[in-house]
Amino acid sequence: MHDTHEGIVFFVTSDFSGLVRGRGVPARNLPAFLETGCGWVPADQAINAFDVIGEGNPFGSSGDLRLMPDPATEVRIAGNAGRPPWHFFLADIQSLDGAPWSCCARGFLKAALADLEQRFGLGLSVAFEHEFTLLGDPAPAPGFSMRAFRRQETLVTAIASALRAAGAAPEMILPEFGPGQFEITLPPAPALTAADRAVVFREVVRDVAERQGSRATFAPKIRPEGVGNGVHIHLSLNDSKGRPVTYDADGPGELSAPAAAFAAGVLRHADALVALTAPSVVSYLRLKPHHWATAFACLGRQNREATIRICPRARAGGDPAAGHHLEYRAADATASPYLALGALVRAGLAGLAENLPAPPLVDTDPAELDAAECERLGVRPLPASLAAALDALAADKVAMTWAAPDFWACYLAMKRSEWAGLADYDHVALCDAYSRVY
């Protein structure tokens, strides 16, 4: 698994800001640190994307924790161009007694998945679909074009090779609609593995781009008027034997009863969810009507303006259950994959617990519906700003049961500090600020 070469091994966590932070240990001492972990500080979880500790967080200067590396998540990429090998582990945050810390983002997802299995005998197969922009291309090519791909093929090939070495081999790579924009999808995997790979994916893409003399950003908006970068989260329910159970030929949208209830729970809590899945000020420049990003809480078949899109099997013939799944579209890479997916699981669990019926299908652009039709179909606009989303989260009594009080106090303090710190920024400045960080 490892050797005793001279070098540094990093233990990292994807925190509440969606950024990866951690600490390094000497590689020669790795066996001991795999047993003990390394120190961590509770208030680190309250640092926002711009390195401000959220005022009013519940920790202050007190407390100690441990970053405990998960050996199954080890990533080792050979060095080149004068850089040393890249060696790191994803870690859980634990209390000093070894118990899971209540504010660990990875622990939040693990607990939600455990509840899904224990209460309903269900698991999740998940695929993350990532969009990012390569900055500085002096002559952008047409969207989706072979020319756009060939122009960046050397860099994209290097990214694909590094992702393979990191255990996050891509399923598909394509030039996207925006200038310098690419989309890379990862194949379906068990939910925790998929989230781990999503964390690794972003770090690898940014690092390889930098080594190739470019810069990659996952920011939701690069320019106020430009195309946005999203993260689409594809979900398929499985039974205890791993068989897909999202499909039912006789169900609305060909959804099984459990899948319909899961989707209904997500939509019921969608206003709160976006505070976790689209959690930046600039996210709400993307979540607008007619942007193929969703601005309304609704369910649709193959409808890219819906919060949840029912995706069909890849082709005619074969087992339709194998490819039938849900796609959550109101997410971006300013969110931790653990928080985004964990919150979706919690909302879906709420729907399953109440055995909610399938939401009405909306197979047109919801922005074009009149008020009466929106009411009939249960369509409502999502929050239009981060501040409104955070207020919706704080007001959702069910969502507030998904984690410990300190978890929410920390998250809300951190995100509200981010909002307040950017209050005087215009849209151009907002896009620039987030493009530099993400």
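The values are calculated or read from the model by the stated rules, or taken from the named source; none is laboratory data. Treat the numbers as computed from the prediction; the structure is a model and nothing was measured. All Cβ positions, glycine included, derive from the backbone under ideal geometry; neighbour counts span all protein chains shown.
When the stretch 199-248 is filtered for residues that are of a type in the set (S, T, N, Q), touching a strand residue (DSSP E or B) at 6+ places or on another chain (Cβ under 6 Å) and more than 27 Å from V281 (Cα to Cα), the ones remaining, listed by number, are S236, N238, T246. Restricting the stretch 236-276 to residues that are among the polar types (S, T, N, Q) and assigned to a loop (DSSP other than H, G, I, E, B) leaves a set whose member that is modelled with the lowest pLDDT is S240. When the stretch 159-217 is filtered for residues that are farther than 26 Å from G242 by Cα, assigned to a strand (DSSP E or B) and not small (G, A, S), the ones remaining, listed by number, are I173, L174, P175, Q181, F182, E183, R215, T217. Counting the residues of the stretch 253-308 that are under 18 Å from A367 (Cβ atoms), of a type in the set (F, W, Y) and in contact with a strand residue (DSSP E or B) (Cβ under 7 Å, 6 or more places away or on another chain) gives 1. With respect to the conditions (1) of a type outside the set (G, A, S); (2) in contact with a Phe, Trp or Tyr (Cβ under 9 Å, 6 or more places away or on another chain); (3) surrounded by fewer than 18 Cβ atoms within 10 Å (Cβ to Cβ); (4) assigned by TED's automatic domain parsing to the domain that holds A219, E117 lacks only one, and its number is (2). Of all residues in the stretch 397-406, those satisfying the criterion of being outside any loop (DSSP other than H, G, I, E, B) and either crowded, with 22+ Cβ neighbours inside 10 Å or polar (S, T, N, Q) (or both) are A399, T401. With respect to the conditions (1) of a type in the set (F, W, Y); (2) within 24 Å of A195 (Cα to Cα); (3) part of a loop (DSSP other than H, G, I, E, B), F59 falls short on a single one, namely (2).
Taking the stated definitions as given, is D51 without any contact (Cβ under 8 Å) to a residue 24 or more places away in the chain, assigned to a loop (DSSP other than H, G, I, E, B), over 26 Å from S435 (Cα atoms) and not assigned by TED's automatic domain parsing to the domain that holds K415? So D51 fails the test. With the condition kept exactly as written, say whether any residue in the stretch 275-284 is out of contact with any Ser or Thr (no Cβ under 9 Å at 6 or more places or on another chain), on the phi < 0 side of the Ramachandran plot and surrounded by fewer than 24 Cβ atoms within 10 Å (Cβ to Cβ). Among the residues of the stretch 275-284, not one is out of contact with any Ser or Thr (no Cβ under 9 Å at 6 or more places or on another chain), on the phi < 0 side of the Ramachandran plot and surrounded by fewer than 24 Cβ atoms within 10 Å (Cβ to Cβ), which makes the answer no.
Within the bounds of the stretch 365-376, is there any residue that is modelled with pLDDT under 95 and touching a Gly at 6+ places or on another chain (Cβ under 6 Å)? Scanning the stretch 365-376, I find no residue that is modelled with pLDDT under 95 and touching a Gly at 6+ places or on another chain (Cβ under 6 Å), so the answer is no.
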